[in-house]
Amino acid sequence: MSLEYALINDTSWQSQAEWQTPDTPFMSFKFWQALADTGAIGEQAGWLPIFILVHRVADYADSENSADSLIDSTAENALQPVAVMPVFIKGHHRGEFVFDHAWAEAYARYGVDYYPRLVTSVPYTPITGQRLWLAKGETLNKDILKTAIAGVDDIAQQVGASSWHGLFVTPELASAATSSMPTEVDVALAIAAQERGIESAPIEMPIFERQGCQFLWQNKDLLNDSQPFADFDAFLMTLKAKKRKTIRAERRKVVEQGISCQRKCGSDITDADWKAFYHCYVMTYAVRGQQPYLTIDFFMALAESLSAHIMLAQALDASGEIIASSLFLYDTPDSHNVDGDKADDDDNATLYGRYWGALGEYDSLHFELCYYQGLEFAIEQGLKSFDPGTQGEHKLVRGFIPTTTHSLHRIYDPRFVPAIGDFCARDREHMAQYRQQAFEALPFNADNMPNFDVNH
């Protein structure tokens, strides 16, 4: 049996196989359905999805490993679905969190179109995780990945895309993708051969890796044989005395402003709570003169389909009015995934801090509602880690550990390959130095200092 691919522009493939448990709630079919149903993805949103279905076919099958057009049904030779990779055709960079604006500007200076471009990611969500859905019994390998990338190249050729970008991929996927593709030297030699009139196969472009840094909290008490923290105070005891004092002072400031906080989960979150949350969420964008990416309908869809994986933290003033809200999703530690199946492993159960907003400026309230309420919840639920969202060195001094993020980039115009390859290499070196410096600034006392790993 050999691997081939088909390009599909709907979700009919979901019914063609049993699929493995997604590694985060954001790769669940329910999350993606909420995006589609509420217009967060689609042509109007500038996130036009195409799904690359990798399938096995009999070796004797009379078929080609390509598609003449973006088809609206599965290929006739799709005997056994193996994996699916989502690809978005985009004419902008919004909602991605890995920035390549400088590359677009370079193309423009040379009079070359950078748009459309292709993106594989969870829209609006800078969360590291799998970027392919795998059928049950399958393991991601280089053959599956190369077949999926061949599908990406096919789409790029059909729509005239400048590039493909795989965002917030796992370290394993990043390593497999970059090690199985040509290098810049290979491309340079192939171009030189063509210029000398030597016939050769079409030039295959390399895949470059960029690295970034996010700050994640670990529920691991190194003072107590790496056991989960018993409570928030146990976590504080792992920090240097000055940092403990700062955090306690911040929490007191919230109380002294007459603000109380509460957490609600799942079905306990009412329609009124959701409306109050969305009012706060919109304000986050309004103060910057922007429109929010997501609608109230999207969040209501999540409330209906992912109820068991939602926690809402609320801040109330002295009169009981909601003045700020922070929405979290989380992996349930009972090993059941968001689509209802039994998960294989819950050792990485994580809390994800995603959406926040406040109706005004309140001293230290952002820290309380987005970080400390999340930390308390993760400890209570026995979650292994807490991802509070992208950016922010202010997370570092509150015990969130610098962690490497990975993205993949394939440039189709060979004229730009050397410069972008050099940029990615220098950027990786810079980010490694930054993570080292950030690690050295962690607020833990010596007995609870985690080990630094330049690759993670």
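Bear in mind that the values in this text are calculations on the coordinates, not laboratory data. In this text the structure is predicted, and so the values were computed from the model without any measurement. Because the Cβ atoms are built from the backbone with ideal geometry, glycine has one as well, and the counts that use them run over all protein chains shown.
Structure notes:
- Cross-link reach list, lysines versus K242, counting only Cα pairs under 20 Å and skipping chain neighbours closer than eight places: K253, K395
- Pairs exceeding 32 Å between alpha-carbon atoms, taken from K90/K142; K142/K384; K30/K275: there are none.
- Charged-residue dipole, Cβ positions (Lys, Arg, Asp, Glu), region 220-383 about Cα centre, Debye nearest 20: 1000
- Interchain or long-range residues, amide H under 5 Å from I323's placed H: A315, L316, D317
- Peptides 229-236, 350-357, 18-25 ranked from most to least packed by the mean count of surrounding Cβ atoms within 10 Å: 350-357, 18-25, 229-236.
- At full extension, Q262 and Y115 could sit 48.4 nm farther apart than now, given 0.36 nm per residue minus the alpha carbon distance.
- The chain: calculated mean residue ellipticity at 222 nm from DSSP helix runs of at least 4, using -39500 (n - 2.57): -9500 deg cm²/dmol
- The length gained by stretching the chain between R288 and D422 to full extension, at 0.36 nm per residue less their Cα-Cα distance, is 44.8 nm.
- Taking packing as the residue-averaged number of other Cβ atoms within 10 angstrom, the listed peptides 126-138, 430-442 run from highest to lowest as 126-138, 430-442.
- Cα centroid separation - region 233-296 against region 356-410, whole Å: 11
- Database remark: amide H of L239 closer than 5 angstrom to the amide H of N445 (H placed geometrically; neighbours at sequence offset of 5 or more, or on other chains; Pro and chain starts carry no H).
- Inter-probe distance in nm under a simple model that places probes 7 Å from Cα toward Cβ, at Q391 and F29: 3.5
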